[in-house]
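First comes the structure, then the notes that go with it.
The values are calculated or read from the model by the stated rules, or taken from the named source; none is laboratory data. Just so it is clear, the structure is predicted and the values come from calculations on it, not from any experiment. Neighbour counts are summed over all protein chains in view; Cβ atoms, including those assigned to glycine, are modelled from backbone coordinates with ideal geometry. Accessible surface areas use protein heavy atoms only, side chains included; no ligands, DNA or RNA. Shrake-Rupley method; radii C 1.70, N 1.55, O 1.52, S 1.80 Å.
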Amino acid sequence: MYIALLRGINVSGKKIIKMEELRSLLESLELQRVRTYIQSGNAVFIAADDAQDAMADRISAALKEKFGFEVGVIVKTPEELEAALRDNPFSAAARGTAQEEAGEKRYYSFLAKAPEPAAVDSLQAYANEVDDYRIVGDAAYILCRGSYGKSQFSNNFLEAKLKVMATTRNEATVRKLQEMAREAEGEDAVRTR
């Protein structure tokens, strides 16, 4: 079971891909039981191949061939999404509080690979009172106390500073994708009995 996260599609009328077309394309790559979630390019599927980077490259190449533009793709497992949610340094549990602070929103920027330590260190110069961030392995955790659209730590900013491809999702989307993957795994287990 895998989750594909596409970077930068269906944003501001650019790189338009309908989810029905995405499902069809993924199925043509012999991915099974493909499900998509919202228009930002999220797909849950089963694949025989377990080489995530190769799978991401294969999906990206197929998207370029079909639609004529580059689309970065990051492929994660349900366990990786679960770990990202669990390990978020800005969760109420991690901060030792009973509940989340009003007005705070958490975002997850999934990185194509862990950035170089010097690149991570360079972000310290951009620390501010409005937003906070932590880089842990191949994930950037962002805490917004205002609008993500006005955050210093946008996807494009992180890519430029960390020098790695990234794609960002809000916490509700990450939770929903992890839930969809777990449900599909449960259905698959029932089918194989």
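A few remarks follow.
- Residue tally, condition polar (S, T, N, Q) and surrounded by fewer than 21 Cβ atoms within 10 Å (Cβ to Cβ), over the stretch 156-177: 3
- Strands (runs of 3 or more DSSP E) fully within the stretch 102-193 counting 2 or more residues that are in contact (Cβ under 8 Å) with a residue 60 or more places away in the chain and among the hydroxyl-bearing types (Ser, Thr, Tyr): 105-111, 166-170
Residues checked against (1) crowded, with 19+ Cβ neighbours inside 10 Å; (2) in contact with a Ser or Thr (Cβ under 6 Å, 6 or more places away or on another chain); (3) modelled with pLDDT under 95:
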{"site": "Tyr108", "(1), (2), (3)": "yes, no, no"}
{"site": "Ala118", "(1), (2), (3)": "no, no, no"}
{"site": "Ala125", "(1), (2), (3)": "no, no, yes"}
{"site": "Arg182", "(1), (2), (3)": "no, no, yes"}
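- Glu129 at pLDDT below 90, open to solvent by 70 Å² or more (accessible area, probe 1.4 Å) and more than 17 Å from Tyr107 (Cβ to Cβ): yes
Results for (1) under 14 Å from the mean Cα position of the chain (by Cα); (2) of a type outside the set (Gly, Ala, Ser); (3) closer than 21 Å to Gln124 by Cβ, shown as yes or no for each residue.
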position	(1), (2), (3)
Ser151	no, no, yes
Leu162	no, yes, yes
Ala166	yes, no, yes
Gln178	yes, yes, no
Glu183	no, yes, no
Gly186	no, no, no
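- Extreme residue, surrounded by the fewest Cβ atoms within 10 Å (Cβ to Cβ), among residues of the stretch 31-71 that are free of Cβ contacts under 8 Å to residues at least 24 places away in the same chain and in a strand (DSSP E or B): Gln32
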